[in-house]
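Derivation of every value follows stated rules applied to the coordinates shown; laboratory data play no part. As the structure is a prediction and not an experimental result, all values here were calculated from the model. Cβ atoms come from the backbone with ideal geometry, glycine included; neighbour counts cover every protein chain shown.
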Amino acid sequence: MHRSWRVTPQETDPLSWFTRPLIPTVLSSVLAIYGTVSIALTWNLLAYPLLELSALALAVLACVLVQRATLPLRKRFGTRQALLPLLLTLTALVVSAVGGRDSQLLVQHWWVPVGIGILLGTLSPYSSVRQLLAYGAIFTAAATVGAAYGFPASNRVWPELSVMLIAASGVIIATAASAIFSGVIVNSTQLLLRGTGRPGPVTEAANEEAARQVERRTLARLGTRVAPFLQSVAERGTVSEEDRALAGQLARQLRADLVSQANRSWLDSLALYGPIYVVDPDHRADAMNTVQRAALRGLLLAVMKNPATRDGSLFIELRSQSDGSTAVALSLDLDLPEGRRTMMLAPYYLTLQTAVQDLSWDPARELLKFQFPAQRP
């Protein structure tokens, strides 16, 4: 099976609009309105209209649970989080079918297949094609059995097989639409990400080479102060009292710079050459492992090198937590439209997502938050 069938739109592009709780919120409202209107219009045909309203409440609750589970700072939505909404919708189908057993309602006016389709649409940004096909197969079977049991009155108009097909067709169409939506988003986003040049793996040797480059730049900067003094002494051939005083002053400056360099984290060193402010009072940057450093360094360098980055617009803060972990907040201020900003950040966001915990993006404040756990001894 193609890999894109196993990836959700949220995993592929977690920064885009369709992975936020907008879709579940809208579709929950659509289901509540559609179900209420449908039940109200067929009220006189229903034997137990209150059961239908109860079933509708369960179906709407399922969509609301999806919305709550996909709020910012929540864990990634997966099959485990989808289990309760799926069970609630299946319960709604059973309750509605039982309530319709003695009614005069025809199957083509049954609101449940449309309700199932709305739930699948709610799940589509957070489910892979494979998951949606599995959900759809379960619901198709359930809708078929429910229609055969709950709508005997339809047998006077339609053959029993037609009754089951009418109920199943709506679910099948919704399953296909949801799976196509998920697949198209994943495929198109992966193509765009490959075009942006997803950052490759960074090895320990690459990290060490980056650190050596910082040290060489520091030593070169220090050498520019000492070399002219030594050259002038060598040319004169004598050492005066002024030379001794200047040598002492240079020695103190060099010692202070070397001590500062020794106490400076890799993140502080990176900030020396870019528009970024670092707040790290507990020196937690050096507690990050190689993979975490590489992922964060790639994101910072990409933003710092972008012409749309304003001077002083990057701010990163690291704070120790009581359990030994470290909370990190990175504020970004880029003069880019949302689409271009998303495509620039998405590859590095996905790389960082594999190395840290509780990664979240607040588009309103352009704030990236995550944690990395305490390192084991």
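Peptides 127-136, 165-174, 350-359 ordered by packing proxy, namely the average of other Cβ atoms within 10 Å per residue, highest first: 127-136, 165-174, 350-359. Our estimate of slack between MET304 and ASP286, defined as 0.36 nm per intervening residue step minus the Cα-Cα distance, is 4.4 nm. Between ASP358 and ASP102, the contour length at 0.36 nm per residue exceeds the Cα-Cα span by 87.1 nm.
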